[in-house]
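What follows is one structure encoded as structure tokens, with my remarks underneath.
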Amino acid sequence: MLANSLRLRGIKFAFLFGPPRFIKREEASEVYSAICDATGHEDFSFRYSTVDPEERLSSKGFSIVFGRKEGRGALTAIIDNKNINGPIRILLEYIWPPTIEHIKEHFDSISESVFESLGGNWTRVLSEVRLRAQCSTRSNNGLTFLREKVLGLPEECVSGLGDPLSFCSVKLEVDATQPPSEDQIEGAKRELLIQVLREDPTCVYLELVSQWPQVASLPRNQTGPIVLGNIRKIDSEPSIYVEEAMSFLKEQVEQLGRITKE
């Protein structure tokens, strides 16, 4: 039941890249034109702003936002840097996306058009995919599913808190590791949140965050210099990271369904 009813509600993709620099309004306008040409849509909204207009151009941050409605959802592209000393971010978001193929096509074309229109040699230091999805349970009761089948909490444990139980969630985290092979997609950092929503306790809601950092954090009990040979190459298109994250989420949902017989 879980895997068969998996439905994607929203997706975010981000690159962090550098070297950091200030992007002027004129450059932002060129990016806007490039995105319109790449996607075939001329109805993107366009908003440009600076973090602190009183500061020097060399030190202030900026924000560029492009967006358009698509059916009941929306497509948004953001290029920003709140602190000019940190990396620039490109954030792509789809709310209620139509299909995964549609997402990958648009994310690839927008990302490529941004880097090409800005010009220069950019180094990507992190890529990230955030997925929000929902599943149905046989009993149409996500709260009971999480409490009894996932956590296995006895009734007396819950009743001791008071009745009725209104919310429950489970969060699992796995740190990133350096790629164990030439496959630069392996060893991602994972954060998986499984919960119910107070406004809709009938379904199970999932949020998966997958991150591919250029350099993985050392274990807490280890210190030492960064080994250059262990630096991850962030050189794939957004669609590669999106597809991997979607596959991982589906695998987790299928496994959860097998364990709980849902």
Order of VAL31, VAL174 under a 10 Å beta carbon neighbour criterion, fewest first: VAL174, VAL31
Approximate spin-label separation THR50-ASN85, in nm, with each point projected 7 Å along Cα-to-Cβ: 1.9 nm
Mean projected area (nm²) of the alpha-carbon convex hull when the chain is viewed from all directions: 18.0 nm²
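For the chain, what's the relative contact order in percent, using C-alpha pairs closer than 8 Å and at least 6 residues apart? Kindly include the intermediate steps, with their values, before the conclusion.
On the way: 502 pairs, mean separation 58.9, N = 262.
With pairs under 8 Å counted, the relative contact order is 22 percent.
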Distance in nm between pseudo-label sites at GLU156 and SER29 (7 Å out along the Cβ direction from Cα): 7.3 nm
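Work out the FRET efficiency for ASN141 and LEU172 from their Cβ-Cβ distance, taking R0 = 22 Å, and round it to the nearest 0.05.
About 0.50, to the nearest 0.05.
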Cα centre as origin, Lys/Arg/Asp/Glu Cβ charges: the range 20-121 dipole, Debye: 400 debye
Sites LYS261 and THR123, calculated FRET efficiency, Cβ-Cβ separation with R0 41 Å, nearest 0.05: 0.30
Sequence-separation-based contact order of the range 77-200, relative, with Cα cut under 8 Å and 6+ spacing, percent: 14 percent
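Please tell me which of these pairs span more than 30 angstrom C-alpha to C-alpha: LYS12/LYS60; LYS82/LYS233; LYS69/LYS250; LYS24/LYS171; LYS171/LYS261; LYS149/LYS233?
Details: LYS12/LYS60 26 Å; LYS82/LYS233 25 Å; LYS69/LYS250 27 Å; LYS24/LYS171 40 Å; LYS171/LYS261 21 Å; LYS149/LYS233 40 Å.
Cα-Cα > 30 Å for LYS24/LYS171; LYS149/LYS233; rest within.
Using the Cβ atoms and a cut-off under 14 Å, what net charge is assigned to the surroundings of GLY71, where Lys and Arg are +1 and Asp and Glu are -1?
Details: positive: ARG9, ARG68, LYS69, ARG72; negative: ASP43, GLU70.
The answer is +2.
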Selection from HIS106, ILE259, LEU6, by position along the positive dipole direction of the chain (Cβ): ILE259
Loop-resident sites, the range 7-94, for GluC sites (Glu not before Pro), counting at most 12 other Cβ within 10 Å (DSSP): GLU42, GLU54, GLU55
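Assign unit charges at the C-beta atoms only (+1 for Lys and Arg, -1 for Asp and Glu), then state the dipole size of the chain relative to its Cα centre in Debye, rounded to the nearest 20.
On the way: 31 positive and 38 negative charges, 110 e Å.
Result for the chain is approximately 520 debye, rounded to the nearest 20.
Just so you know, all these numbers are worked out from the coordinates, no wet-lab data involved. Please read these numbers as outputs of a predicted model, since none were measured by experiment. Glycine also receives a Cβ, built like all others from the backbone with ideal geometry; neighbour counts cover every protein chain displayed.
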